1. Check Val320, Val261 and return the single one that is of a type in the set (A, V, I, L, M), under 30 Å from Leu382 (Cβ atoms) and outside any loop (DSSP other than H, G, I, E, B).
2. Say we look at region 149-186 and pick out the residues that are over 18 Å from Ile49 (Cα atoms) and among the hydroxyl-bearing types (Ser, Thr, Tyr); which of these is surrounded by the fewest Cβ atoms within 10 Å (Cβ to Cβ)?
3. When region 277-308 is examined, which residues are found to be buried (at least 22 other Cβ atoms within 10 Å of the Cβ) and within 29 Å of Pro423 (Cβ to Cβ)?
4. I need the full set of residues from region 187-205 which are buried (at least 16 other Cβ atoms within 10 Å of the Cβ) and farther than 19 Å from Arg125 by Cβ, in order please.
5. Among the residues that make up region 183-205, is at least one of them closer than 30 Å to Ala82 by Cα and in contact with a Pro (Cβ under 6 Å, 6 or more places away or on another chain)?
6. Hey, can you tell me all the residues within region 155-178 that are among the aliphatic types (A, V, I, L, M), touching an Asp or Glu at 6+ places or on another chain (Cβ under 9 Å) and part of a helix (DSSP H, G or I)?
7. Among the numbered criteria (1) modelled with pLDDT under 90; (2) buried (at least 16 other Cβ atoms within 10 Å of the Cβ), which single criterion is violated by Asn213?
Amino acid sequence: MNTDGRHIRLLIGLGVATLLLLGKLISLQLLDNSYKENASKNVTIKETIYPTRGVIYDRNRQILVGNKVAYDIMVDPKMVQASDTAAIAAVAAILQQEPDFIREKLDEFRRKGPVGGTQEVTLLRAVPAEVYMRLDEVKYNFPGFRGQVRSIREYPVNAGGNLLGYVSEVSPDYIRRHNGEYTAGDYAGMTGIEAAREKDLRGEKGYHIYLRNSRNQREGSYKDGAEDKEAVPGRDIVTTIDAPLQQYGQQLMRNKVGSVVAIEPSTGEILALVSSPGIDVDKLADIGKYWKEISANPYKPMYNRAVQASYPPGSVFKLVNGLIGLQEGVLRPETVYSCYKGYSYGEGRKLGCHSHKTSINMDESIMMSCNAYYCYVFKSILDQKKFSSVAEALDYWREMVMSFGFGKKLGSDFPAELSGSIPSSATYNSKYRRWNSTTVISLSIGQGEILATPMHLANFCATVANRGYYYIPHIIKETEGVPQDPRFSERHYTLVDTTQFPKVIPGMWKAVNAPAGMGGTAHVARVDGLEICGKTGTAQNPRGADNSVFICFAPKDNPKIAIAAYVENGGFGAAYAAPIASLMVEKYLTGTVSRKDLERSMKQSNLLYRVKRD
């Protein structure tokens with residue numbers, strides 16, 4: 001009985017074990033594909049097909065960034081024996097390298113291990129075509145080594161290095177941050193448009209699968225190519241940039257620190273976005289070669305000042321306070337104030353002004369850029385009886401200012417945009433025990449705690465050109481197969497009524513077009529027939545000479561271009577910013593420049609010695 005029981009239990013145990021084994025076999029062979037896939041990997045080779053990156057055009061379909069063929073040499077360290085000195089020496093000779101170089105790279109790759117899900121890594125980049133061909137002819141003798149064809153960027157026009165950005169091979173950290181999207185040897189946009197529109201430009205990788213024999217040699221297509229995948233090219237992008245205008249702006253800003261932003265007021269399209277010093281596009285094509293040089297440059301050419309630098313706007317901001325004064329009813333075009341070389345307040349305190357006629361109306365105050373006039377206007381805004389305190393008044397003023405786009409990111413499609421800064425009552429409550437309208441009087445002329453980017457200033461100029469509204473500035477006009485974001489076609493109105501804007505334009509016109517000797521601060525920007533309207537600014541700079549600022553639009557009616565120029569340590573607005581901006585306006589509207597002496601002077605001037613760098 002006991003013996004029979006033991007036999008029965010043994011038979012049951014064997015039955016259960018058999019069933020478990022059969023179940024596992026069924027799972028492995030019929031349900032679980034991982035073992036099949038691993039087995040297939042042992043007899044196949046998967047070669048990546050890199051897509052052609054999308055082309056970047058200017059607004060007139062001139063190519064800004066295209067593609068050309070490059071040849072890389074790939075290696076799978078697992079398939080190369082370190083002891084096979086003869087093979088390594090032979091490959092080194094084909095690649096025109098020293099054997100020690102090959103061995104050192106292999107050791108490095110083995111130490112680091114596979115990155116991004118692949119064993120294969122790039123040994124050499126962009127080798128000559130003849131080197132690639134030599135290896136391709138004999139690669140079956142050298143398992144683990146192969147050539148790979150890919151496209152790299154080329155730049156037919158030296159325009160907009162900073163705004164275009166660069167493409168480079170992804171790092172292990174980049175691969176980790178973009179889980180599953182990239183593997184070692186892939187390239188991606190790292191800055192500028194290349195980075196902002198990476199998903200559109202990159203396309204989709206494909207692959208060919210080949211059979212591998214016992215000697216690790218490729219024999220033929222796996223399943224006659226049925227499981228191959230073709231690469232999908234990246235989408236082409238049409239920018240809003242006008243390439244000739246962009247190039248011209250770069251030439252005028254050479255050897256200066258600052259930026260120029262030009263906008264089409266009727267659309268918000270950015271016509272030019274110049275940051276100086278910038279990067280020549282030939283360095284973008286081989287960024288690795290020039291990286292140390294670029295990084296060591298004290299003027300930071302990778303830093304896009306048009307959207308990343310915040311400055312005091314200076315006297316161009318007087319227009320904002322003038323418009324708010326008109327809206328609040330504390331200012332009318334015929335209002336007259338006197339100026340005796342400045343505005344006196346408090347006990348012996350004075351905000352100075354340059355010499356000009358003393359009793360002036362609003363048009364003349366804009367034309368002559370009078371400081372005292374806008375001190376009176378600003379104080380009148382803050383001291384209105386409808387406010388319970390100056391703190392309440394300042395916060396109301398701040399809300400009005402921010403409706404022009406200041407003090408916040410505009411929402412452009414260009415990356416790394418800064419918001420600038422417009423102070424609130426909290427700013428001064430934390431700074432002073434008691435304060436009033438004269439404590440913050442420097443805000444009247446765009447100084448003090450106000451900060452804005454050149455993009456903000458160009459957008460403000462476009463708002464005045466449109467008589468009260470703006471479109472969000474943007475740099476992408478069209479992406480292949482992708483509709484434009486509708487937010488770029490929406491009008492953004494300020495809290496100042498549109499009826500007030502025509503009242504500041506006569507003064508802007510006179511600043512440029514009044515006869516010489518009448519006090520127009522921007523007479524240097526005058527061009528016959530163009531009806532340029534502008535406003536100069538001279539912004540105080542604690543690091544040296546004043547900054548030169550100018551905004552303008554043209555023509556006066558139905559404007560085609562609004563522009564802001566900001567030149568660090570350039571002095572008066574009429575010294576550098578006004579000539580540069582007006583030359584660009586003339587170039588854009590007429591296709592040529594009549595003021596050759598002025599053009600030559602701007603191109604040849606060098607202000608780098610004035611700019612202090614840490």
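1. Working: Val261 fails: under 30 Å from Leu382 (Cβ atoms).
Residue meeting the stated conditions: Val320.
2. Across region 149-186, the extreme among qualifying residues is Ser171.
3. Passing the criteria: Asn304, Arg305, Ala306, Val307.
4. Answer for region 187-205, where residues must be buried (at least 16 other Cβ atoms within 10 Å of the Cβ) and farther than 19 Å from Arg125 by Cβ: Thr191, Gly192, Ile193, Ala195, Ala196, Arg197, Glu198, Asp200, Leu201, Gly203.
5. Filtering region 183-205 down to residues closer than 30 Å to Ala82 by Cα leaves 183-187.
Restricting the remaining residues to those that are in contact with a Pro (Cβ under 6 Å, 6 or more places away or on another chain) gives none.
No, the conditions are met nowhere in region 183-205.
6. Of everything in region 155-178, those that are among the aliphatic types (A, V, I, L, M), touching an Asp or Glu at 6+ places or on another chain (Cβ under 9 Å) and part of a helix (DSSP H, G or I) turn out to be Leu164, Ile175.
7. Of everything listed in (1) modelled with pLDDT under 90; (2) buried (at least 16 other Cβ atoms within 10 Å of the Cβ), Asn213 misses just condition (2).
Conditions (1) under 33 Å from the mean Cα position of the chain (by Cα); (2) under 21 Å from Arg610 (Cβ atoms); (3) buried (at least 24 other Cβ atoms within 10 Å of the Cβ), marked per residue:
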residue: Ala522; (1), (2), (3): yes, no, yes
residue: Gly529; (1), (2), (3): no, no, no
residue: Cys533; (1), (2), (3): yes, no, yes
residue: Asn541; (1), (2), (3): yes, yes, no
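The values are calculated or read from the model by the stated rules, or taken from the named source; none is laboratory data. This structure is a prediction, so every number in the text was calculated from the model and none was measured. With ideal geometry, Cβ positions are generated from the backbone for all residues, glycine too; neighbour counts draw on all protein chains shown.
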